[in-house]
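> Below: one structure in structure tokens.
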Amino acid sequence: MTTSDPQWTPDEMMSVAASRALRDGAVCFVGIGLPSTAANLARHTHAPNLVLIYESGTLGSKPGVLPLSIGDGVLADTADAVISVPEVFNYWLQPGRIDVGFLGAAQIDRFANINTTVIGGDYRRPKVRLPGAGGAPEIAASCREVMVVVRQNPRTFVARVDFITSVGFGSGPGDRERLGLRGAGPRTVITDLGILQPDPRTCELTLTHVHPGIDIDTVRANTGWDLAVAPEVAVTEPPTPEELAVLRRLEATKGGNR
Amino acid sequence: MTTSDPQWTPDEMMSVAASRALRDGAVCFVGIGLPSTAANLARHTHAPNLVLIYESGTLGSKPGVLPLSIGDGVLADTADAVISVPEVFNYWLQPGRIDVGFLGAAQIDRFANINTTVIGGDYRRPKVRLPGAGGAPEIAASCREVMVVVRQNPRTFVARVDFITSVGFGSGPGDRERLGLRGAGPRTVITDLGILQPDPRTCELTLTHVHPGIDIDTVRANTGWDLAVAPEVAVTEPPTPEELAVLRRLEATKGGNR
Amino acid sequence: MAQIVPLAAAVADLIHDGDTVALEGFTHLIPFAAGHEIIRQRRTDLTLVRMTPDVIFDQLIGMGCARKLVFSWGGNPGVGSLHRFRDAVEAGWPRPLELEEHSHAGMANRYVAGASGLPFAVLRGYVGTDLVAQTSTIKPITCPFTGEVLTAVPALRPDVTVIHAQRADRAGNVQLWGIVGVQKEAVLAAQRSLVTVEEVVDTLDPRPGAVVLPTWAVTAVAVVPGGAHPSYAQGYSVRDNDFYVAWDAISRDRETFLAWMRANVLEVGRDH
Amino acid sequence: MAQIVPLAAAVADLIHDGDTVALEGFTHLIPFAAGHEIIRQRRTDLTLVRMTPDVIFDQLIGMGCARKLVFSWGGNPGVGSLHRFRDAVEAGWPRPLELEEHSHAGMANRYVAGASGLPFAVLRGYVGTDLVAQTSTIKPITCPFTGEVLTAVPALRPDVTVIHAQRADRAGNVQLWGIVGVQKEAVLAAQRSLVTVEEVVDTLDPRPGAVVLPTWAVTAVAVVPGGAHPSYAQGYSVRDNDFYVAWDAISRDRETFLAWMRANVLEVGRDH
């Protein structure tokens, strides 16, 4: 769906861009899949002190390989502490101790609300039944900020999600405060085409960066609403050879046991 | 205050009687002091499978010596599991998993209510400030049954406690149910003079046993209310030589480290 | 005191048609063998409970054991969809599946409330999501001190909880370590419990991070080496990630699924 | 990230007059040295918080550091009364002591609520006791699902929590084991935290039953070997039960107490 420099794939650009958004030393609640890839890439490049928390109860995991699941043994083996699942949600996530919550999405809308529950039809008899909420609603509510990593296309980027599994900015400004959500919400949405950030005034996702080789119209065409675009859209720095090398080494280990 | 057979002290008779009241295999929440002595005596005599739980978070402690405090290292070293203090109260005591709660008392009244808070004066400026509740209120509420071990005299056995720290039978029949307390409450009060049990109809503590050498009038004289006496008052079996030997060996270790 | 019994006997004894049954395990220590035995014994009308229903729940649902699912995330971890779960929800095959859907935080707290003998738990959760309208077991509650409105969820109280653990001693004390998930809470919340273990040992020497469930808090222990496969038991096996990937193809088609279940579950005496 | 700093500097920096200060430790790992430093720095008007105020609280109260005590059991464990605590309550010496009195179950749950970022906790407790009339932080709460009435207590949110632990690594990660009490919850409930440790090591190798507090959840670590004496640090020291017995005589008389504090706390540079 997009042109891509022969030197890297759009997914690689997305993972690299997401990893760069994580500052060293941040405490990061990591979902499996794209978020886990990006967080581990960051830890192996510019952010060696990034603290990874997985909802299976591993605090400070330092996997040398990419886990396939959120509960692979390597996450426990390399953790500073393994705690119970109730504890990870109650003592660590809920009080707002986590800097960055890192989520994926099946659908995301104009106000960065996320759907991972059902698509189409009725909730009781949907067209597509997705896995559901998992930890996401409370990650979206309680982390100091949320980053979303998701491939961009019109089926995923919809004007209004079919089901709000995790609240972004609800229906606009003031909604998070009204709902009592204490984190700042999704500050950054990183896709295979570019980077979107909420407009500080309208809370609407706004294109701020395109990845190299992607033009704004391509992003627009892959967004299911009339996409707001920042006055100046930057071009993401391409992946460095080191970033690509580390990412490919990590991807090659994915799901390998230990 | 009482005659005693030269072969044992009243305190020894009390500890032996209390230990006998614990059936093998029971799960027992143990307070420090007299209850701990009796429970460990039971474990070293007829009840080797008695499960001791201390509120410091040790499940299944098997101390070879008597601990001085509720948190001596020997309790953790010999436990099946050491858990947090919130867990011991929330997961183990509160749901009613404990067969026997074993309490002491500074004052106990006709309806087996217990005071360990203040004596005399006002709560804010009492004559005697006692340590307070500790785990006792919820032990008294939630254990399947409660045993109390306490030396008997008119200052301790009072018609009405100055402060209800832990509820026995409140002001009489039906009170526990009314208050929503789920355990059966104090079934046995063991003193240095005899054994008292609540009358099934009136809930009033009633003398059912006297220890060898103690007469009923002596117990009456050491009770601060008009003591009910069972139609037939049994005489406790005297301590066996083995019970005394084990008890004295344990007492000699008290507070010894490991 | 937990009895050490054969798996088939334990399932026959403890799990009945119509029961509410939690099988817990967070990627690690998932009680697959016990789930297979439930399928072999043709239990039906179960209300199945689990935070992360994965392949074993896909199998139970696809074989028609479940009337209802109480859950917070139903997927094939790291792979994608659970096709049998989807087929039940989207097409009612082999029978309609009622859902009671929560978030992880809510489910974890529901088990905590169950383990704690409380009727409900309080959390910051669900506010603003569409789950609130679909799930009757999510309600607001007001702090009596601050007036703040939070969320209440009712305790989970399964008839039976089934888990897999590394080992037990001869008295039936159970020990598990690694990612311990919500298993302690799930066992303590239940009326009855069944723990399959890799082995029975003389002494449970202490392990870092280990959870111990005393024998008097467990109903039955069954020795089933490899009983978590394709999940794993830290210190005994590694996760069979290839199986999880392969399940995607096996489970997409009803007939392929049924054939696999016949060959690999129904027609084997017991697992492994 | 926790800073590793000298004890005196940490107390000067983190604990201010009028603060609410929890010093936790359940018989094991009681932060005596930190308490002595608070006394030496003449902190005053503190609201002291602890489930089991024992000898170190007797000393803090007797030296006039405390305006208020939030607690559930104030005694000399295994010995008897705390005479300075009694003198403050019964006679207002050296100053009146306001009490906020709970049970252990209530205090433990108040810390849990604080650690969990909730304004209150729910438990089965206090019902029928005279504590309810004396303590305004005990209120009824109704289950929104069953209508059952339970008890609510508000979260504890100390300005500072002080604990003692066996060790930290150079990054400031803290590890404690043995009887771990309510220390994790007390640290996580507080705005700031100070952990004294027996030693700093290169690597926190895993220990059975150990609790790890990551450096990013702790404010300051101070190396104070023996800093729990006369309490103990499992693996490093044993409880000095003789001292607890001796304290009874030292603390009965105001002048004897003051002389002891002068000689053993005020006039020594720092503990041990």
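> For peptide B:63-76, how many partner chain Cβ atoms fall within 10 Å of a residue's Cβ, on average?
Taking the mean over all residues of the peptide, I get 6.
> Within the P(r) computed for segment B:123-226, what percentage of the Cα pairs occupies the region above 16 Å?
Values: 3305 of 5356 pairs.
The share of Cα pairs beyond 16 Å in segment B:123-226 comes to 62 percent.
> What is segment B:1-92's relative contact order, in percent, from Cα pairs under 8 angstrom and six or more apart in sequence?
22
> Whole percent per 10 Å bin, from 0 to the bin with the longest distance: what is P(r) over all C-alpha pairs of chain C?
Going from the shortest bin to the longest, the percentages are 7, 30, 36, 20, 6, 1.
> Name the residue from C:G62, B:G121, B:A18 whose Cα lies farthest towards the positive end of the charge dipole of the protein assembly as shown, charges +1 on Cβ of Lys and Arg and -1 on Cβ of Asp and Glu.
So the residue we want is B:G121.
> Under the definition of partner shielding as Cβ atoms of other protein chains within 10 Å of a residue Cβ, what is the mean value for peptide B:122-131? Before the final figure, lay out each step's value.
Working: counts 0, 8, 5, 5, 3, 1, 4, 12, 5, 15.
The shielding value for this peptide is 6.
> Using a Förster radius of 35 Å, what is the FRET efficiency between C:E100 and C:R252 based on their Cβ-Cβ separation? Nearest 0.05, please.
E(calc), rounded to 0.05, equals 0.85.
> Starting from the coordinates of the alpha-carbon atoms of segment A:10-256, obtain the Kirkwood hydrodynamic radius over all distinct pairs and give the value in Å to one decimal.
Mean inverse Cα-Cα distance, inverted, gives 18.1 Å.
> Let me ask something else about it. In whole Hz and in residue order, list the ³J(HN,Hα) couplings for segment C:159-175 that follow from phi through the Karplus curve 6.51 cos²θ - 1.76 cosθ + 1.60, θ = phi - 60°; x for Gly and Pro.
Those phi angles translate into 5, 9, 10, 10, 9, 10, 9, 5, 7, 9, 9, 5, 7, x, 6, 10, 10 Hz.
> When the dipole is taken about the Cα centre of the protein assembly as shown, and only Lys, Arg (+1) and Asp, Glu (-1) are charged at their Cβ, what size is it in debye, to the nearest 20?
With only Lys, Arg, Asp and Glu charged at Cβ, the dipole is about 1040 debye.
> Strictly greater than 51 Å: what percent of every Cα pair in the protein assembly as shown meets that?
Numbers: 135869 of 561270 pairs.
The calculated P(r) of the protein assembly as shown puts 24 percent of pairs beyond 51 Å.
> Right, next: Per residue and in cubic angstrom, what volume does the convex hull of the Cα atoms of segment A:1-105 have?
Per residue, the Cα convex hull of segment A:1-105 comes to 108 Å³.
> What is the P(r) of segment D:75-180, as percent of Cα-Cα pairs per 5 Å bin from 0?
2, 10, 13, 15, 18, 17, 12, 8, 5, 1, 0
> Of all DSSP beta bridges located in segment A:43-192, what percent are antiparallel, nearest 5?
So the antiparallel bridges amount to about 50 percent of the total.
> Right, next: Quick check on my link table: of B:K62/B:K254; B:K127/D:K139; A:K62/C:K184, which ones sit more than 22 Å apart, alpha carbon to alpha carbon?
B:K127/D:K139; A:K62/C:K184
> Quick one: net charge of D:S231's neighbours, Cβ under 11 Å, K/R +1, D/E -1?
-2
> Let me ask something else about it. Could you give the dipole magnitude of chain B about its Cα centre, charging the beta-carbon of Lys and Arg +1 and that of Asp and Glu -1, in debye to the nearest 20?
On the way: 24 positive and 28 negative charges, 127 e Å.
Here chain B has a charge dipole of around 600 debye.
> Right, another one. Could you give me D for segment C:17-158, from Stokes-Einstein at 20 °C and 1.002 mPa s, where the hydrodynamic radius is the Kirkwood radius over C-alpha pairs? Units µm² s⁻¹, please. Please list the in-between numbers first.
Numbers: Rh = 15.8 Å.
It comes out at roughly 136 µm²/s.
> Net charge within 11 Å of A:T45 by Cβ-Cβ distance, Lys/Arg positive one each and Asp/Glu negative one each, not counting A:T45 itself? Numbers along the way, then the final one.
On the way: positive: A:R20, A:R43; negative: A:D24, A:E242, A:E243.
Within the 11 Å Cβ shell, the charges total -1.
> Between D:A171 and the same site in the other copies, what are the distances in nm, shortest first, taking label points 7 Å from Cα along the C-beta direction?
In nanometres, ordered from closest: 3.9.
> Check D:T20: other-chain or 5+ apart residues with amide H under 5 Å from its amide H, H built from backbone geometry?
Here the answer is D:T47, D:D159, D:V160, since their amide H atoms fall under 5 Å of that of D:T20.
> What is the dipole size for segment B:81-134, taken about its Cα centre, with +1 at each Lys and Arg Cβ and -1 at each Asp and Glu Cβ, in debye to the nearest 20?
Roughly 320 debye, rounded to the nearest 20.
> Still on this structure, I have one more. Under a crude label model (7 Å from the Cα following the beta-carbon direction), how far is A:E251 from D:T146 in nanometres?
5.3
> Whose amide H sits under 5 Å from the amide H of C:G128, counting only residues 5 or more places off or on another chain, with H placed in the peptide plane?
none
> Among residues other than D:S103 whose Cβ falls under 14 Å from its Cβ, what is the net charge (Lys/Arg +1, Asp/Glu -1)?
Its environment carries a net charge of -2.
Each reported figure results from applying straightforward, stated rules to the coordinates on display, with no laboratory input. What you see is a predicted model; the values in this text were computed from it and never measured. Neighbour counts are summed over all protein chains in view; Cβ atoms, including those assigned to glycine, are modelled from backbone coordinates with ideal geometry.
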